[in-house]
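Right, one structure below, let's go through it.
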Amino acid sequence: MVLTLLLTSCGGDEVTGGPGTGEATANSMSPTQRSASPVTDGGPVACVDWVWFKTPQDQYDKAPVVLIGKPEGHVGETKIYGSKATTHLVEVERVLKGDPGEGNIRISSMPPTCTAGDPYPDGDPLDTAERVIIFATKQGAEWFTMTPAQGVLPFPQGSNLPFQ
């Protein structure tokens, strides 16, 4: 099965990537195309229909970087697809896959895009003091959780990994 991320451009963003890359692919012919975005702070906006992973193993298989860590707090914000994203400093306990570099890492929580009001209507998944597993992808020079809803899993001390 090929998992894809469908991106509907609401304002002309040029987006690169493709299936399985953790990046979005532009598709202006989408049946879910929106004529206007509820995000009104200016600039191009992209409304993303996010891939849904059936299991944590699927997430692990598709993620460029997987790590265990603990968010230490907000260290700024950035923009992606025309939406604001909160950036967190994460204390890295262990890298399970990929190469995010040495030491602690700055990771932004991928916002759901095209939502009015709060950029994280269901809560920012990295806004926690708990130990977590993070599935990350790089966009440009910055790290982001792979998706808004499935980029972070709680991982209390003593838990078994939910993938191989």
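The values are calculated or read from the model by the stated rules, or taken from the named source; none is laboratory data. Everything numeric in this text was worked out from a predicted model, so none of it was measured. Backbone-built Cβ (ideal geometry, glycine too); neighbour counts: all protein chains shown. The accessibility values were calculated without ligands, DNA or RNA, using every heavy atom of the protein model including side chains. Shrake-Rupley method; radii C 1.70, N 1.55, O 1.52, S 1.80 Å.
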Exercise. Which residues, taken from region 108-137, are at pLDDT 95 or above and within 9 Å of the chain's Cα centre (by Cα)?
Worked result: S108, S109, M110, F135, A136, T137
For this session: Under 9 Å between Cβ atoms, at least 6 apart or on separate chains: pull out the pairs that start in region 111-139 with a residue that is without any contact (Cβ under 8 Å) to a residue 40 or more places away in the chain and end on any residue that is among the aromatic types (F, W, Y) and open to solvent by less than 40 Å² (accessible area, probe 1.4 Å).
Result: P111/Y81; P111/Y120
For this session: Examine region 56-71 for a residue that is polar (S, T, N, Q) and in a loop (DSSP other than H, G, I, E, B), and state whether such a residue exists.
Result: no
Problem set entry | Filter result (at pLDDT 95 or above, surrounded by 19 or more Cβ atoms within 10 Å (Cβ to Cβ) and of a type outside the set (S, T, N, Q)) within region 36-59 | F53
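Show me the strands (runs of 3 or more DSSP E) entirely contained within region 81-164 in which 3 or more residues are open to solvent by 60 Å² or more (accessible area, probe 1.4 Å) and over 29 Å from A46 (Cβ atoms).
Qualifying strands (runs of 3 or more DSSP E): 83-97.
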Exercise. What pairs can you find where one residue is in region 92-105 and on the phi < 0 side of the Ramachandran plot, the other is hydroxyl-bearing (S, T, Y) and not in a loop (DSSP other than H, G, I, E, B), and their Cβ atoms are less than 9 Å apart, with a gap of 6+ or different chains?
Worked result: L96/Y60; K97/Y60
